[in-house]
1. Between ILE106 and PHE6, what is the FRET efficiency for a Förster distance of 22 Å, r being their Cβ-Cβ separation, to the nearest 0.05?
2. Cα centroid distance between the range 328-407 and the range 111-183, in Å?
3. Taking the Cα centre of the chain as the origin, how large is its charge dipole in debye, to the nearest 20, when only Lys and Arg (+1) and Asp and Glu (-1) carry charge on their Cβ atoms?
4. Rg to Rh ratio, the range 314-413, alpha-carbon atoms and Kirkwood radius?
5. Give the calculated FRET efficiency between ILE148 and PHE118 to the nearest 0.05, with a Förster radius of 25 Å applied to their Cβ-Cβ distance.
6. What translational D, rounded to a whole number of µm²/s, comes out for the chain from Stokes-Einstein when the hydrodynamic radius is the Kirkwood one over Cα pairs, at 20 °C and 1.002 mPa s?
7. Of TYR302, LEU237, TYR331, whose Cα points farthest to the positive end of the dipole of the range 213-336 (charges on the beta-carbon: +1 Lys, Arg; -1 Asp, Glu; origin at the Cα centre)?
8. Can you tell me the mean projection area, over all orientations, of the convex hull of the range 205-315's alpha carbons? Units nm², please.
Amino acid sequence: MKLINFKTARNLLFIFEIISLSLIFLYNWPNIEINTIYLSLGLIALVYVSNVILLKLSKGDNYIFLIVCMLMSIGIIMIYRIDPNLGIRQLQWLYIGIISFFITYIFFKFYNKWDKHFELYLAISYILFFSTLFFGLRTNGSLRWINIGGLSFQPSELIKIIFVFILACIYSGKAFSANSKFDKHKEIITLGIVYSFIAILFIQRNLGASIVFFAIYAGIQYIYTQNLKYTIYNLVLFTFGGFAGYFIFDHVRIRFITWLNPWEFIDTIGYQITQSLFAIAEGGFFGTGIGRGRPNFIPLSYNDFIFSAIIEEMGILTGIGIIMLYLIFVYRGFKIALKQEEMFYRIISIGISLLFGVQTFIIIGGVIKLIPLTGLTLPFISYGGTSIVTSFIALGFLQGASEKDLNGGSQNE
C-alpha cells in the first residue's frame, strides 16, 4: 500500500509536469526552440529516473525527495518562462544538485564518524568566512560571493550546513571531553561561536543568512539546553544586535523603512516590494496563466521574488500549495528526528529541517510584506547554482539520517 501511494504521488507529479510544459509550448508557439524540447524531456527524465533510483537505494523517507521534485519542477518552469537561457542553466544545476544529493546520501549513510570532527567543522567555517571577507566580491552592497576560476559561489550557503553539524556535535556531547572545563562552559562557548558567525555576516551585509543562523541555533538551543537563562541571553543578544545593525548599517535601515511603507518610495528603494505586491494582486486565485503575466516587471523575479512571479501566473492557490509542500517537508524532517535514537543524528535532522523551514518563511514573508525583506533564495525553486547544490547536499544528509536506527524498517509512512 505504501509503495502504491508513492507511485501515485510520482505519477501526479508527472502529470503536472506534462500540463505545465504543454503551456510553455503554447506560449512559445510557433517559435519553439530545440532547447525547449531538451528542457522538457530533461526535466521529466531527471525527476522520474532519480525517484526510481532512490526508491531502490533507500529504505528511508523517500517522500521528502518527491516533495523537492515538485518544488524544483515549479521553479524551473517559471524560470524558463522568465528567461529561457536561465531555465536551461538551472536544469544543468539541478543535474549537478541531484548527483550531489546521491553522493552525500551514500557517504553519510556508510560513514559513521560524523560526530568526531567538531574542530574540523569549526575550522572550515572560519576559513570560508574570512576568505569571503578578504577575497569576496561585493554585489548589490553585500559581500557574499567568491570567484574561483570564473565560477562564483556563496560560502555562507555551505556554512549553514556545517553550522548544523557544529551544533549537533556540541549538544550531543561529542564536541568536548566529559566534565572538562570546555564542557562545563559549552553554552557560553556556543554563544561565542554563533555570534562570531553572525558578526561576520553583518560585516558582509548578509542579513538574511544571519537570521537563518540565529533561528537554527535558537531552535536547537531551546530544545536541548539545560538552563533557560542561556536562551534568554541569546534572545537579548540578538535583539541588541538587531537594534545596533539598524543604526550602524544603512541597508538594514532601508529594509526596515521599505517594510513599513514601501509606497512612499515606490520609484526608488520600495520598487521591488511594491512590484511584488502588484504581481500577487494581479494573479488572484487562479493566476493570469503561464506566459500571460508580467513577471519581468519585478527585479530579480527569477531569484529573490520568484514566489511573487509564480503567484502572478499560477495563482494564490498555487502559492498556498507551495507553502503546504514546505510545511509537509519540514514535518517529515521532524518526524525523521523523532525516530532517531542517537542524539547527534536527531539534531542533524532538526537543524536541516529548521534551515529549510526558516529560510522559506523569511523569503516568502519578505515578498508578501509580512516581515522585512532579506536577500535569500527560495529553496529548490529560485535560480542559483550555489543554492541549488547546497540545498541538495543538505537534503542528502536528511535522507541519510532517515535511515539511521531503522533496523531494516521503512519511514515511508
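1. 0.60
2. Comparing the Cα centres of the range 328-407 and the range 111-183, I get a distance of 17 Å.
3. 780
4. 1.02
5. FRET efficiency, ILE148 to PHE118: 0.40.
6. 96
7. Checking the options against the dipole of the range 213-336, the answer is TYR331.
8. About 9.0 nm², averaged over all directions.
Bear in mind that the values in this text are calculations on the coordinates, not laboratory data. Treat the numbers as computed from the prediction; the structure is a model and nothing was measured. FYI the Cβ positions are ideal-geometry reconstructions off the backbone, even for glycines, and counts take in every protein chain you see.
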